[in-house]
Every structure is written in C-alpha cells, then in structure tokens.
Amino acid sequence: MAARKFGTTGSEDLTWAMNAYLPGLVAERYRASRIVAFSTGNVYPLRHALQGGAVESTPVAPDSEYAQSALGRERMFAYGSRQWGTPVAILRLNYAIDLRYGVLLDIGTAVFERRPIDLRMALVNVIWQGDANSICLRSFALCQSPPCFLNLTGPETLSVRYIAEEFGRRFCVQPTFSSEEMPNAFLSNAAKAHQMFGYPTVTIPEMIDWTAAWISSGGARLNKPTHFEVRDGNF
C-alpha cells in the first residue's frame, strides 16, 4: 500500500523511489509470501464515456510521472513474481471513498461552501473504502505467478455534475460549475471483481447521504484533496 501521489510535481525522484524502488525491495524481502499490491486506474489511458471503463486487458498508457511510477510499482512486483515464483495480485483502484477523504468529500465540500465545481473530469468511478478493503483481503486467494490483475472500483460511471446536484439537494444549495465537461476520463470497468466478489455493499446514495451529514456536522477531514479534476496526471 505504500505509495506517493500528491506532491509528485517537483519531487519526481521521491515519487519514483516510493512507487517503484521501495516495491522492488518489498518484493524481494517478502518473496516467500503472498502479496496483494495496490495500483491505480491512472495507468490506463483516458477513456471516452461511450467506450466504457478500461478492463484489465486494456493496454496501459501512463501519461505522467505519477502514473509511470505506479506502473513501475506493478512491474517490480511482476518481476519479483516471475523471479521467485511469488504469488501476487495487483489491484488497480479508483477512487476509494472515506468520510474524511475522497472525491465525494471534495465535491460535497465545494457545494457546501458555495465554490464552483470543476467539470474538466466530468465522470468518475468510486467505491466505499470498506468494500475496497474487503476485496483487498479476499484477493489473497487470487494471488498467482505471474500476477493476477484486478480493477477495483464501483459499478457505476458517475457524472460529477450529478454528484454536485445531489449534494446541492441535500444542502438546499444550487451548485455552480466551472470549465467544460470533456467526453473522456480516467474510468475503469470492475466487472471482473464484481463477478468474483459480488457488488459493493454500500450504494452511491448512501455514500452521498453519509458524506453530506459528515460535512454538515463538521466532521474531521484528512485535508488531502484528491485532485480528481486533473487531466494531465500532474499532482
């Protein structure tokens, strides 16, 4: 799970050390273990909404230092798996939701504070952190050599505008927007994971309800914006 994303721009060397060099050390040190490693959907190219999300066989095409280093992490674990026969599963996650952090918190907070919502990345996938954790732990049963790859996200492709309007309805606020909606986004298709493990237990309306209540009550935040609206992968 050790990784680095935010602050990459200007400290690319540290990002590569955390995302590729460190996983190489871990792969060697724990070569006799089963390893489930988190990656990211950012290793895939932007996908047009009509294409649907990337599947596990979609060719990777990382277009930023962060995404390239995340692919480097995958390659280090794949190398270790082939070199020592280590059973490995690699989970390409986007985006996990926690009440203190995540895309829904970012959008909901902007609506609550009456700040405009950036629509450049008009579509997102999300999954409740508890459901992501559940799939992660159960993925130890899938570990193999060479590695198994699995997309990890919710089944819906969500409109950022829709999410903002849902928060607006709960807060009795009319959301405002900036930028134009683009037709493509970082989208993943997690049908393979859903077939294996079932659909997530927490629904989108529940996540929005919980997040809205959390924001309204002044709940604690990690103060780490996801920057989901960034399209060039530079964080």
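Below are the figures for this structure:
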quantity	calculated
Dipole magnitude (debye, nearest 20) for segment 1-57, charges at Cβ of Lys, Arg, Asp, Glu	180
Exposure ranking of T157, T86, T201 by accessible area [1.4 Å probe, largest first]	T201, T157, T86
Spin-label model distance (nm) - R120 vs R161, 7 Å beyond Cα toward Cβ	1.9
Considering only the chain, percent of DSSP beta bridges that pair antiparallel, nearest 5	25
Carbon/sulfur fraction of accessible area - the chain, other protein chains in place, 1.4 Å, %	54
Solvent exposure of the chain as accessible area per residue, Å², 1.4 Å probe	47
T153 accessible area, 1.4 Å probe, all protein chains in place, Å² to nearest 10	0
Positive-end extreme of charge dipole, segment 128-235 - chosen from M207, L150, M182 (charges on Cβ)	L150
0 to 90° range, to nearest 10: angle between helix 129-138 axis and the chain longest Cα axis	20
Fully extended contour minus Cα-Cα distance, from M182 to S217, at 0.36 nm per residue	9.3 nm
Between helix 65-84 and the chain: long-axis angle, C-alpha atoms, 0 to 90°, nearest 10	30
On Cα atoms only, tilt of 103-112 relative to the major axis of the chain in degrees	20
Loop trypsin sites (Lys or Arg not before Pro), segment 118-210 (other Cβ atoms within 10 Å of the site Cβ: 13 or fewer; DSSP)	none
Computed accessible area, M207, all protein chains, 1.4 angstrom probe, square angstrom	0
Total charge dipole magnitude, the chain, about the Cα centre, Cβ charges on Lys, Arg, Asp, Glu only, Debye to nearest 20	600
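The values are calculated or read from the model by the stated rules, or taken from the named source; none is laboratory data. This structure is a prediction, so every number in the text was calculated from the model and none was measured. Cβ sites come from the backbone with ideal geometry, for glycine too, and all protein chains shown count toward neighbours. For the accessible areas, the whole protein counts, side chains as well, though only heavy atoms, and no ligand, DNA or RNA atoms are used. Shrake-Rupley method; radii C 1.70, N 1.55, O 1.52, S 1.80 Å.
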